[in-house]
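Heads up, the thing below is written out as C-alpha cells.
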Amino acid sequence: MALVNGNYLKLKAGYLFPEISRRVKAFSAANPDAALIRLGIGDVTEPLPQACRTAMKNAIDEMGTPEGFHGYGPEQGYGWLREAIAKHDFQARGCDISAEEIFVSDGSKCDSSNILDILGEGNRIAVTDPVYPVYVDSNVMAGRTGEADDGGRYGGLSYLPITATNGFSAPLPAEPVDLIYLCFPNNPTGAVATREQLKAWVDYALEHKALILFDAAYEAFIQDPEIPHSIYEIEGARQCAIEFRSFSKNAGFTGTRCALTVVPKGLTGTSASGEEVELWGLWNRRQSTKFNGVSYIVQRGAEAVYSKAGQSEVKALISFYMENAAIIRRELTNAGLTIYGGEHAPYVWIKTPAGVDSWGFFDHLLNKANVVGTPGSGFGAAGEGYFRLSAFNSRENVNEAMARIRAL
Ligand SMILES: *Cc1c(COP(=O)(O)O)cnc(C)c1O
C-alpha cells in the first residue's frame, strides 16, 4: 500500500486559473466570433534577445566538439555566470554579495518552494494577502500549515493584508513570526517598497531572528532610482535574508529557464538543540543532492544578458512592457477606474467599481470587452474588490483592449 502525501489533500483545488479557463471556454463556445485579448497571464510575450540566442547557438556548436563538450556542470552554476551575476546585479548596486553566494537554478518558482527543504517544521510563517500562490501552496505541500478554512486561509499562516488602505505595504506582524515572504516589485499588486519600508522589515527580522525570503523577480521593472532592487541594499540584510532572482521576466526566459538564489555566507538558522547553523551549507548540500544544474547552453544565454548588447536589449524589452503598462494606466484612469501599480512592475492593480466584486468585474470585461484579466480575489481574500491586468502583450492587443474598455 503506497500512502500519498496527505498534505496535498489539504490544497484548495487550484481554483483561480481553472475557473478562469472554464469561464473563458464557456464564453468562447457561446460567442465563437469574439476575438479575446488575454491580459491575465504572468508570462512574457516578446521574443528572446538576439544576444542570448547568439550565445546559446554558439554554445550548441561548442557542445558538438570534443574540446567544447560539457557534461554535468557544477550544481551551483558555472563560475563565470555566478561572477557576472554577483558583479552586475549586486556589487554594481553596492551589495556585498560574492559569486560563491549565488546559486544558479532553473527557476525561482522551484527555488522559492524548495527552500523549505532546509527550513524546519514549527516555523511561524507570514505571507501577504494577496500573495503569489506558490509561497502558500509550497508550505501546504510541505506540511507546514493546518487545514484551509472556508475563506481559503490556511491554519498556521499569518496573513498580512495589503490593500489601498495601507498603500499595499504589509504591516509588520502583530504576532512574532520566523519566516517572512516578501515580493517586490509585487505580483499581483505592482507595489514597490521604499528603502525605509525594507529597512523596517530587516530590522524586524534581525530583532526577532526571523528569515526574510525576498522575491525580486521583477526588479528590472523598477524605474525610480531611489527604490532598492535588492534586499541586500539594506544594511543587515546579509544576516536575515535569502533573495530569489530570475531571468524569466527581464530577459524573457520563462520558456528557457534560468534563475538564481542568493544565500549569504554567515546567514544562520537555529537547530532544534539551539545551535546556529549556516544556511549556505544546507542549501549547497540540498542543491548538490537533488539538482544537477542548469544546461551549459542556457547558462551561456543567461551570461549574455550581462553583455553590452544584452543589457541594451533587456532595457528595450522592459521599456516596451512599461510603455504598455503606462497605456493601461492612462486609459483605465480616463475610463474612471482607480488603479495602482504599473509604474515599477508589469502589473496594473485595478479597484473594481463600487458594488462589483472581482469575479463580477472579470465577467463584465469578458462579456462586454472580450478582455481576460485576473480576479484579485484569486490571490487571497484581501484581493477581493481588485483585478489584475498584465502588461505582457503586444502593443496592438493592449491598444485594442483599452479601446474596447474605453467604449464600455
Ligand atoms: C514569474 C515569477 C517568478 C519567476 O519564476 P521562474 O520560475 O523563475 O520563471 C518568481 N516570482 C514571482 C512572484 C513571479 O511572478
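The values are calculated or read from the model by the stated rules, or taken from the named source; none is laboratory data. None of the values given here were measured: they were computed from a predicted structure. Cβ coordinates were reconstructed from backbone atoms using ideal geometry, including for glycine residues, and neighbour counts include every protein chain displayed. The accessibility values were calculated without ligands, DNA or RNA, using every heavy atom of the protein model including side chains. Shrake-Rupley method; radii C 1.70, N 1.55, O 1.52, S 1.80 Å.
Put simply, the C-alpha atoms of the stretch 144-230 give a gyration tensor, and the ellipsoid matching it has half-axes of 24, 16, 12 Å, longest first.
Zone of Arg195 (label point 7 Å along Cα→Cβ, backbone N under 18 Å): which residues in the stretch 214-235? Counting backbone N atoms under 18 Å from the label point, the list is 222-235.
Couplings for the stretch 202-218, taken from phi via the Karplus curve 6.51 cos²θ - 1.76 cosθ + 1.60 with θ = phi - 60°, read 5, 4, 4, 5, 5, 5, 9, 6, 8, 10, 8, 9, 9, 9, 10, 4, 10 Hz in order; Gly and Pro are left as x. Centre-to-centre, using Cα atoms only, the stretch 276-348 and the stretch 368-408 are separated by 21 Å.
Calculate, for Ser98 and Asn7, the FRET efficiency according to 1/(1 + (r/R0)^6) with r their C-beta to C-beta distance and R0 51 Å; round to the nearest 0.05. Here the calculated transfer efficiency is 0.90.
Annotation: for a label point projected 7 angstrom from Cα along Cα→Cβ of Ser288, residues of the stretch 70-112 with backbone N closer than 14 Å are 74-77. Amide H contacts of Tyr154 (H built 1.01 Å from N, in plane; Pro and chain starts excluded): Asp149 sit under 5 Å, all sequence-distant by 5 or more or on other chains. Which residues' amide hydrogens lie under 5 Å from the amide hydrogen of Ala241, considering only partners 5 or more residues apart or on another chain, with H built in the peptide plane? HN-HN under 5 Å from Ala241: Ile212. Translational diffusion coefficient of the stretch 252-370 (Stokes-Einstein, Kirkwood radius from Cα pairs, 25 °C, 0.890 mPa s): 128 µm²/s.
Stokes-Einstein at 10 °C, 1.306 mPa s, Kirkwood radius from Cα pairs: D for the stretch 277-316 in µm² s⁻¹?
Taking Rh from Cα pairs, D becomes 129 µm²/s.
Classify the stretch 244-319 as rounded, prolate or oblate, taking a ≥ b ≥ c as the square roots of the eigenvalues of its Cα gyration tensor: rounded when a/c is under 1.5, otherwise prolate if a/b is larger than b/c and oblate if not. Because a/c hits 1.5 or more and a/b exceeds b/c, the stretch 244-319 counts as prolate.
Length gained on full extension, Glu19 to Leu408: 137.6 nm, using 0.36 nm per residue less the C-alpha separation. Here the Kirkwood formula, the inverse mean of 1/r across different C-alpha pairs, assigns the stretch 311-400 a hydrodynamic radius of 13.5 Å. A simple spin-label model places the labels of Glu46 and Asp203 3.8 nm from each other, with each point 7 Å out along Cα-to-Cβ.
Rg and Dmax of the stretch 20-113, both derived from C-alpha coordinates alone, stand at 20.8, 59 Å.
Can you give the FRET efficiency to the nearest 0.05 for Ala164 and Gln311, using r as the Cβ-Cβ distance and R₀ = 45 Å? The pair Ala164/Gln311 has a calculated efficiency of 0.80.
Which of the peptides 51-62, 234-245, 180-191, 80-91 is most tightly packed, and how do the rest follow, judged by the mean count of other Cβ atoms within 10 Å per residue? Provide the component values of the computation, followed by the final result.
On the way: 51-62: 17.4, 234-245: 22.3, 180-191: 25.9, 80-91: 19.5.
The densest-packed peptide leads the list: 180-191, 234-245, 80-91, 51-62.
Once all protein chains are placed together, Thr289 keeps about 90 Å² accessible to a 1.4 angstrom probe.
Quick one: order Ile41, Ile20 from most to least accessible surface, probe 1.4 Å.
Descending order: Ile41, Ile20.
Only lysines eight or more places from Lys290 in sequence, or on another chain, were considered; those with a Cα closer than 19 Å are Lys109.
When the Kirkwood hydrodynamic radius is evaluated over all pairs of different C-alpha atoms of the stretch 50-171, what value in angstrom, to one decimal, is obtained?
Hydrodynamic radius (Kirkwood, Cα pairs) of the stretch 50-171 is 18.2 Å.
Per residue, the Cα convex hull of the chain amounts to 174 Å³. Quick check: at a probe of 1.4 Å, how many percent of the accessible area of the stretch 2-52 sits on carbon and sulfur atoms? The computed percentage sits at 60. For the stretch 221-303, the fraction of 1.4 Å probe accessible surface lying on carbon and sulfur atoms is 46 percent. Could you name the lysines whose alpha carbon sits less than 22 Å from that of Lys87, not counting residues in the same chain fewer than 8 places away? List returned: Lys249, Lys265, Lys308, Lys315. With Cα atoms defining each centre, the stretch 95-136 and the stretch 22-81 are spaced 23 Å apart in the structure. Scalar couplings 3J(HN,Hα) for the stretch 391-402, obtained by applying the Karplus form with A = 6.51, B = -1.76, C = 1.60 to θ = phi - 60°, are 8, 7, 6, 6, 4, 4, 5, 5, 4, 5, 4, 5 Hz; x denotes Gly and Pro. For Ala354 and Glu67, FRET efficiency with R0 = 51 Å and r from the beta-carbon atoms, rounded to 0.05? According to the calculation, E is roughly 0.15.
For Asp129, the residues 5 or more places off, or on other chains, whose built amide H falls under 5 Å of its own are Leu160, Ile162. Over the chain, accessible surface divided per residue gives 44 Å², non-protein components excluded, 1.4 Å probe.
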